[in-house]
Structure formats: structure tokens, C-alpha cells
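Engineer: This is the structure I want to talk about, given as C-alpha cells.
The values are calculated or read from the model by the stated rules, or taken from the named source; none is laboratory data. Since this is a predicted model, take the numbers as computed values, not measurements. In this analysis, Cβ positions are derived from the backbone assuming ideal geometry, glycine residues included, and neighbour counts consider all displayed protein chains. Just so you know, the surface numbers come from the protein's heavy atoms only, side chains and all, with ligands and any DNA or RNA stripped out. Shrake-Rupley method; radii C 1.70, N 1.55, O 1.52, S 1.80 Å.
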There are 2 protein chains.
Amino acid sequence: MTLSKLTTWNPIEARDMIRNNNWVKPTSGMANGYIQANLAVLPKEMAFEFLLFCQRNPKPCPIIDVTEPGSRIPSLSAPLADLSTDIPKYRVYRHGQLVEEKTDVSDLWDENMVGFLIGCSFTFEDALLQNGIPIRHIEENCNVPMYKTNIPCVNAGRFEGPMVVSMRPMPEKDVIRAVQVTSRFPSVHGAPVHIGDPKSIGIQNINNPDFGDSVTIKEGEVPVFWACGVTPQAIAMHVKPEIMITHAPGHMFITDLKNEDFSVI
Amino acid sequence: MTLSKLTTWNPIEARDMIRNNNWVKPTSGMANGYIQANLAVLPKEMAFEFLLFCQRNPKPCPIIDVTEPGSRIPSLSAPLADLSTDIPKYRVYRHGQLVEEKTDVSDLWDENMVGFLIGCSFTFEDALLQNGIPIRHIEENCNVPMYKTNIPCVNAGRFEGPMVVSMRPMPEKDVIRAVQVTSRFPSVHGAPVHIGDPKSIGIQNINNPDFGDSVTIKEGEVPVFWACGVTPQAIAMHVKPEIMITHAPGHMFITDLKNEDFSVI
């Protein structure tokens with residue numbers, strides 16, 4: 001397979017490349033049209049609380065799939081995949097500290113582990129682009145800017161903390177369409193959580209994001225904020241679980257699901 | 001308070017009547033415009049699996065709220081309520097067998113119990129009515145007809161079984177609007193799961209529902225089927241938990257949430 005086919009690979013081909021360590025790079029642009037997901041793997045002892053946290057905070061924590069305890073198979077989203085090998089790069093955290101990056105975590109995935117796949121914004125970004133709404137961080141070839149806010153998530157047991165949001169600036173004329181387009185995808189972040197003054201949600205300096213990169217906001221453009229899938233990982237980290245495994249940033253899991261599977265209308 | 005005020009009570013007044021055993025009757029029509037929910041209470045040991053089952057089957061099992069283990073407070077949907085007293089009548093099942101009906105289950109709700117509130121069809125029925133689509137079982141003053149289908153739910157651990165659906169017949173001209181109206185409410189059953197021939201989803205005799213009452217289907221009318229909130233209770237019962245508490249049919253929990261809180265657009 002050649003690089004030029006990157007976008008046209010199907011998910012099985014893409015995961016095969018990844019599993020055999022022939023692709024140890026970010027997954028952006030791979031298997032176009034298929035949903036990519038964030039991974040968080042936690043001990044079973046925390047699974048109910050974490051799932052409850054996601055249930056209570058569906059905008060920042062849209063669950064795509066959850067494995068049975070001990071299973072590595074995301075049976076709803078990619079029944080032929082193995083979550084312990086099919087991501088290009090993993091991060092292993094112990095007690096909240098990053099201790100290791102690996103390309104295979106099958107040795108750590110014992111009968112006690114539960115894998116959570118959480119939606120990412122690629123899905124609605126594709127829908128925005130198809131509706132003629134340009135996306136600045138794609139134009140500037142960098143990561144989306146993300147910010148901690150003063151919007152509290154709803155607690156669940158030990159899991160608590162503020163919502164992280166991503167920001168996309170756009171001309172005023174595009175804002176209404178952006179709300180409509182992303183409202184169609186309530187299970188992958190959905191409608192924006194805020195439009196306008198960053199200070200209203202506790203962001204002091206829009207040019208200094210907490211995660212990702214700063215992007216240009218042009219004269220007359222409005223910043224539009226969506227709940228971000230970084231939220232659940234950031235909050236789980238705060239709880240300092242004995243062990244937690246995540247994907248490395250940008251190295252996502254490619255599911256068999258298509259973007260339109262997540263549209264309600 | 002007089003009966004004539006029934007529909008205009010706010011949820012706090014209604015639950016106060018119920019808690020003091022001044023209302024031990026079905027809740028239909030009470031506190032109009034506020035969401036009523038099904039209750040299922042299960043031991044903590046089963047909570048992750050049951051929540052996962054609901055997560056994997058959002059159409060029949062739309063979660064409104066879940067309590068922390070041991071807590072009786074539905075903190076998202078009615079933070080001043082007590083789920084062990086604020087329902088007019090409960091049913092207690094042991095190993096899948098109905099053993100008791102009570103008006104208060106506070107003695108059974110130990111630190112091990114987790115309460116699940118699950119959406120019911122009252123929400124989208126109200127939206128249908130407001131869009132001029134008549135509802136036959138309301139016209140005929142009986143319960144909605146419900147059927148076991150051959151549509152499998154997605155398994156989660158021990159929880160497995162077929163989807164239960166409710167049926168509302170309507171003239172062909174109303175079908176498209178009914179799809180649009182209910183699609184706005186993905187978190188309370190959402191769009192229909194089937195329109196047309198009952199046999200396509202394994203229903204042999206439309207005049208012989210498995211639950212509820214039979215309703216008239218007039219010449220030229222089309223049966224429209226929605227996923228039904230009876231599904232998760234029926235499936236949990238099948239697992240025969242040591243103890244399970246539910247509301248008695250029609251005796252629902254009245255939340256502080258309004259129907260429009262559950263509309264995505």
C-alpha cells in the first residue's frame with residue numbers, strides 16, 4: 001500500500017498497518033469518512049463511576065463504545081479490532097504520571113481492564129467543511145486550540161472537574177449554520193457550548209490555549225466553543241488511577257463507523 | 001390542593017403529595033409538561049453492566065439519571081427528591097419474582113443500591129399531540145400496546161434479549177411528521193424503529209400485544225413502532241437479580257425536567 005492511498009484505506013486495512021507497526025504516526029486523514037475515537041482504559045473498579053461521569057456529561061464525553069471487562073474488542077464499533085494493538089501509539093499513566101509510551105499494550109490489558117472509546121471532533125469538523133465552513137486550525141495546519149473553562153462538569157463519585165472546550169473562529173455569517181450542522185451530531189459533542197466572549201466561560205487569554213495550538217482570529221470573526229473529548233481524560237488523570245492507558249495525542253483508534261451513523265437527522 | 005389542580009402542580013408539590021401517601025395512584029396527567037420516568041433499582045454489583053446495556057441500547061433504554069451507589073437522590077433530574085419515597089407505588093422483585101408492592105422502599109435501599117431513571121414515551125407523545133398527530137390509546141383511554149420483537153438488543157455482560165416496542169397507528173399523511181417530531185428527542189426513544197408491516201419485526205398478531213392494551217387500527221392507517229422503556233426492566237428481570245425494585249406500572253417518578261430539555265433542536 002502506498003501513502004497516496006492513505007485516505008482511501010478502509011478501517012480494516014488501516015488497523016492492519018497499525019497493528020503490524022507499519023504505521024506509528026498520527027492517524028489524521030486515514031480512512032476518510034470513518035469515525036476516529038479517543039481511548040481511555042481504566043481498572044474495572046473505576047468503570048461504573050467513569051461511565052456514569054460520561055453519561056452525566058454527554059457533550060464533553062460522548063461514549064462511542066465500551067468493552068466488557070477484560071475484553072479488548074470494541075464489539076459495537078469495530079468487532080474485528082483489538083484495542084490493545086490497533087492504535088499507533090499508547091501512553092501509560094500510573095497514579096496520574098506518564099510513565100511510558102508503547103505501540104502495544106496487550107501485556108497490560110488484564111481481565112481487570114475496561115476500554116472506553118470517546119468521540120472526537122473530527123466527525124463534526126467534516127460536516128462543517130462539507131457545509132462550506134472553513135476550519136482555521138486545518139488551514140493553518142496545526143492542532144485545534146483547547147481551553148480549560150469555568151463550566152463545571154457534573155460530578156460522578158471521584159470524577160469531577162471543569163469542562164475543556166475546543167475553539168473554532170468563524171465569520172458571523174457562518175455561526176447559525178455551524179450550530180445547525182453540529183446539532184445533528186449530539187453523540188459526538190453536538191451543538192456549541194458557547195459563542196462569543198471567551199471571558200464568559202472563564203478563558204482569560206484566547207491566544208494562550210491550555211492544550212493544542214493558538215490560531216489566528218481575523219477581524220470580525222467570532223470564537224465558537226465546543227465541548228472537547230480531552231475533558232474525560234483530563235478528569236480521570238486528576239483521580240490518579242493506579243493505572244490508566246490512553247492513546248498518544250493524534251494517534252487515534254479508527255472505527256468501522258461512518259460519520260453519518262452519528263447523525264440524528 | 002384539589003384534584004382540579006392536578007395538571008398544574010409543580011413537581012415539588014406533586015412529589016410532596018406522593019411522599020405523604022396522599023396520592024397512591026397512577027401519575028398520568030400530573031405536573032403537566034414535566035418529564036416522568038421509569039425506575040429500576042439494582043445492586044451495585046450489577047450497575048456497570050446495566051448502565052453499559054443502556055449505553056449500548058439508547059433507543060429502548062434512554063437514561064435520564066443514575067444515583068451514586070447508596071444515594072436516593074436523583075441529583076440531575078430532581079435534586080430535592082428521594083427516590084425511595086417519592087413514587088406512589090413500588091414493586092419489589094427477588095430473583096426475578098414479584099414479592100411485594102409498597103409505597104415506600106427506604107428500608108430496602110441500603111448503601112449497595114443504585115437507582116436508574118429511564119425515559120418514557122410521555123415526552124414524545126406530548127410533542128406528537130402538539131403537532132396535531134392524534135394518539136389512539138389516549139383517544140381510547142387505555143394503555144399503549146407493547147410487543148416483544150425479533151430485534152435483538154446489544155448484549156452487555158449478563159444483560160441480553162429482544163427489544164420491546166410500543167405501537168401508535170396513524171394515517172399515512174402523518175407518518176413523515178411523526179418521524180421528524182420524535183427525531184428531535186433522541187434521548188427519550190427518538191425516531192421510530194419501524195414503520196409498516198408488524199411481521200418484519202417479528203410481531204405475529206398486532207391485535208394481541210404482549211403488554212398494555214390492543215387499540216383500533218383504522219382502514220388505511222399505518223402502524224408506527226418506537227423502542228419502549230419496558231425493555232430494560234424486562235431484560236433485567238430475566239437476569240433474576242437477588243433484588244430489584246421498580247415503579248408499579250403507571251406510577252412514575254416526576255422529575256424537575258421539562259420536555260423541551262430533551263430536544264436536541
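Engineer: Okay, helix-only estimate at 222 nm for chain A: each DSSP H run of n ≥ 4 adds -39500 (n - 2.57), divide by all residues, round to 500 deg cm²/dmol; what do you get?
Structural biologist: Value at 222 nm, helices only, nearest 500: -6000 deg cm²/dmol.
Engineer: B:Asp261 label points, 7 Å along Cα→Cβ, one per copy: pairwise distances from this copy to the rest in nm, shortest first?
Structural biologist: Nearest first, the other copies' label points are 3.1 nm away.
Engineer: Between the DSSP loop rule and a limit of at most 10 other Cβ atoms within 10 Å, which trypsin sites (Lys or Arg not before Pro) in segment B:156-237 are left?
Structural biologist: B:Lys218
Engineer: Just how far, in whole angstrom, is segment A:5-31 from segment B:162-193 if you go by their alpha carbon centroids?
Structural biologist: 39
Engineer: Find the chain A residue whose Cβ sits closest to the rotation axis that carries A onto B, and give that distance in whole Å.
Structural biologist: Nearest to the symmetry axis by Cβ: A:Phe48, 2.
Engineer: Looking at chain A, which Cys residues are left with no other cysteine's beta carbon under 4.7 Å from theirs?
Structural biologist: That list is A:Cys120, A:Cys142, A:Cys153, A:Cys228.
Engineer: A follow-up question, please. Ignoring any ligand, DNA or RNA, what whole percent of the accessible area of segment B:122-228 comes from carbon and sulfur when the probe is 1.4 angstrom?
Structural biologist: 49
Engineer: Run the 1.4 Å probe and let me know the accessible area of B:His189, rounded to the nearest 10 Å².
Structural biologist: Number for this one is 0 Å².
Engineer: Also: Could you give the size of the charge dipole of chain A about its Cα centre, using +1 on the Cβ of each K and R and -1 on the Cβ of each D and E, expressed in debye and rounded to the nearest 20?
Structural biologist: The dipole of chain A has a size of about 380 debye.
Engineer: Which helices, taking whole DSSP H runs in chain B, have alpha carbons extending 15 angstrom or more along the helix axis plus mean Kyte-Doolittle at least 0.0?
Structural biologist: B:44-56
Engineer: What translational D, rounded to a whole number of µm²/s, comes out for the protein assembly as shown from Stokes-Einstein when the hydrodynamic radius is the Kirkwood one over Cα pairs, at 10 °C and 1.306 mPa s?
Structural biologist: Diffusion coefficient, whole number: 65 µm²/s.
Engineer: List the equivalent ellipsoid semi-axes of segment B:68-134 in whole Å, largest first, each obtained as the square root of 5λ for an eigenvalue λ of the Cα gyration tensor.
Structural biologist: 29, 17, 11
Engineer: Treating only the Cα positions of chain B as identical point scatterers, give the base-10 log of I(q)/I(0) from the Debye formula at each q in 0.07 Å⁻¹.
Structural biologist: Reported log10 I(q)/I(0), two decimals: -0.23.
Engineer: Can you pull out the buried accessible area for chains B and A, both sides counted, probe 1.4 Å, rounded to the nearest 100 Å²?
Structural biologist: Roughly 1900 Å² of accessible surface disappears when B and A pair.
Engineer: Also: So what is the accessible area of segment B:134-265 per residue, in Å², with the probe set to 1.4 Å?
Structural biologist: Dividing the accessible area of segment B:134-265 by its residue count gives 43 Å².
Engineer: I need to check one value: relative contact order of chain A, counting alpha carbon pairs closer than 8 Å and at least 6 residues apart, in percent.
Structural biologist: 30
Engineer: Between copies, how far does the label point of A:Glu45 sit from its twins, in nm, shortest first, when each point is 7 Å from Cα along Cα→Cβ?
Structural biologist: Sorted ascending, the copy-to-copy spacings read 1.9 nm.
Engineer: Express the C-alpha Rg of segment B:122-228 as a ratio against the empirical globular expectation 2.2 N^0.38 Å, rounded to two decimals.
Structural biologist: Taking the Cα Rg and dividing by 2.2 N^0.38 Å, one obtains 1.05.
Engineer: Would you mind giving the mean number of other chain beta-carbons within 10 Å of the Cβ of each residue in B:153-163, as a whole number?
Structural biologist: Across B:153-163, the average partner-chain Cβ count within 10 Å equals 1.
Engineer: Given +1 on the Cβ of Lys and Arg, -1 on the Cβ of Asp and Glu, and no further charges, what dipole in debye does segment A:122-228 carry about its Cα centre, rounded to the nearest 20?
Structural biologist: Computed charge dipole of segment A:122-228: roughly 280 debye.
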